[in-house]
Every structure is written in structure tokens, then in C-alpha cells.
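This report refers to the structure that appears directly beneath it.
Bear in mind these aren't lab numbers, they're just calculated from the coordinates by the rules spelled out. In this text, all values refer to a predicted model and were calculated from it rather than measured experimentally. Every residue, glycine among them, receives a Cβ derived from its backbone with ideal geometry; neighbour counts consider all protein chains shown.
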Amino acid sequence: MDATSRHLDDIDWIPRYGFQLRKAGVQFDAVRVDGDDGRRLADMMEAITGGDPGPIVRELNGRRGMYFLLPAGSTVRRSWPRAVVPFNACSGRVSYVPVPALAEHTWPLAWHFPPTEYGRFVHPLLLLNAATVLFSDAVVRHQDLARIGFRLSALEE
């Protein structure tokens, strides 16, 4: 077992085998985006963050959703686009998020991007802005983004 595996073994919300449901709002919040939209958002987050967007769980059947894991409390009182379903513990609401083990057969779930360290999650504002751009009703072309000064390379500096 290498140092990275030992370090990830310390993350108590990741099951050792199979998968488990975790109550949102305790260790993390999550948002789910279904189908091809979820994959496009995950790809966009990968590009924005230079390949390390934070933990993202992929559902391999049914809705084929992508679950983006965010810091606890970070999805509450935010206006998410319609394609995004938040999972949190706001007043009067209980949500559960499926979490697979790191190295076991966990079908129908898998890590699209596994956690890299304790306490590291998807950045809520980056995800919110990426989802807003991706799922807005208006068609946003690459040239339009460049014209307003949005550059993926600027986020890496």
C-alpha cells in the first residue's frame, strides 16, 4: 500500500467495499447532473482545474448521473441551473448520495475522479459558474467567452 492509498484510507466517508449511501450535508454536499450533460460538465471541470476537479462519482446505469461532491453546506441557498439537482441538509430536507469504494467492484457506481486528499472537494463557485455557462438557454460560443475575457488558462495561473 503506497502513501496515497494510506492517506485516502483515512477518509471515513468512503466505504471499504461496495458502495454506501451517505447523508448529504454531514461530510459533504453534492449536486447531480444526469446523462450527457453530466459528462460534459465533468469534462469542463477537468479542463478548468487542470485535471483535478475534486471527487466526482459516475452512475453507470439508469439516469447515468454524475455526482459532484462539494463541501458540506455549500449547495444551500444557491440558484443552480435546472439541469443540476442539489443534495444537502437544508431545513426540512434529507438527501443521500451514493459513494463507491476506491478499489472494489462497485457497479453501478464508479469514481470518475476519485478523492485526492482529505477535505478536498469540487469548488462550489467554479462548478456553479461552469454549470451556468454550459446549461444557459443562450448559445455561448468560444469566441464570445474570449471576448469577455474568459480563458481557461487564466484559472491555472
Item to complete: Enumerate the residues in the range 14-36 having an amide nitrogen under 18 Å from the point lying 7 Å beyond the Cα of Tyr96 toward its Cβ.
Response: 14-32
Practice prompt. Go through the range 55-128 and name the trypsin sites (Lys or Arg not before Pro) that are in a DSSP coil and have 11 or fewer other Cβ atoms within 10 Å of their Cβ.
Written response: Arg77, Arg82
Worksheet item: For the range 31-89, what is the charge dipole size about the Cα centre, in debye to the nearest 20, if Lys and Arg each add +1 at the Cβ and Asp and Glu each add -1 at the Cβ?
Response: 280
Response to the item:
Simple spin-label estimate for Arg82/Leu21, 7 Å along Cα→Cβ, in nm, reads 2.8
Practice prompt. For Trp111, enumerate residues with amide H under 5 Å from its amide H, sequence gap 5+ or separate chain, H modeled in the peptide plane.
Written response: Arg58
Worksheet entry | Net charge of Cβ neighbours under 11 Å - reference Ala131; Lys, Arg +1; Asp, Glu -1 | +2
Worksheet entry | Local electrostatic count, Cys90, Cβ distance below 11 Å [Lys/Arg +1, Asp/Glu -1] | +2
Worksheet item: If you take the square roots of the eigenvalues of the alpha-carbon gyration tensor of the range 76-119 and sort them as a ≥ b ≥ c, do you get rounded (a/c under 1.5), prolate (a/b over b/c) or oblate?
Response: prolate
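Taking 25 °C and 0.890 mPa s as the conditions, I'd like the Stokes-Einstein D for the range 44-136 in µm²/s, using the Kirkwood hydrodynamic radius from alpha carbon pairs. Don't skip to the answer; put the middle values down first.
Working: Rh = 14.1 Å.
The Stokes-Einstein estimate is 173 µm²/s.
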Discussion item. Please list 3J(HN,Hα) in residue order for the range 70-79, calculated via the Karplus relation 6.51 cos²θ - 1.76 cosθ + 1.60 where θ = phi - 60°; whole Hz, with x for glycine and proline.
Written reply: 10, x, 4, x, 7, 9, 6, 6, 10, 8
Worksheet, complete the sentence: For the range 36-48, Karplus-derived ³J(HN,Hα) couplings (6.51, -1.76, 1.60; θ = phi - 60°; whole Hz; x for glycine and proline) come out as 4, 4, x, 5, 5, 5, 4, 5, 5, 5, 4, 5, 5
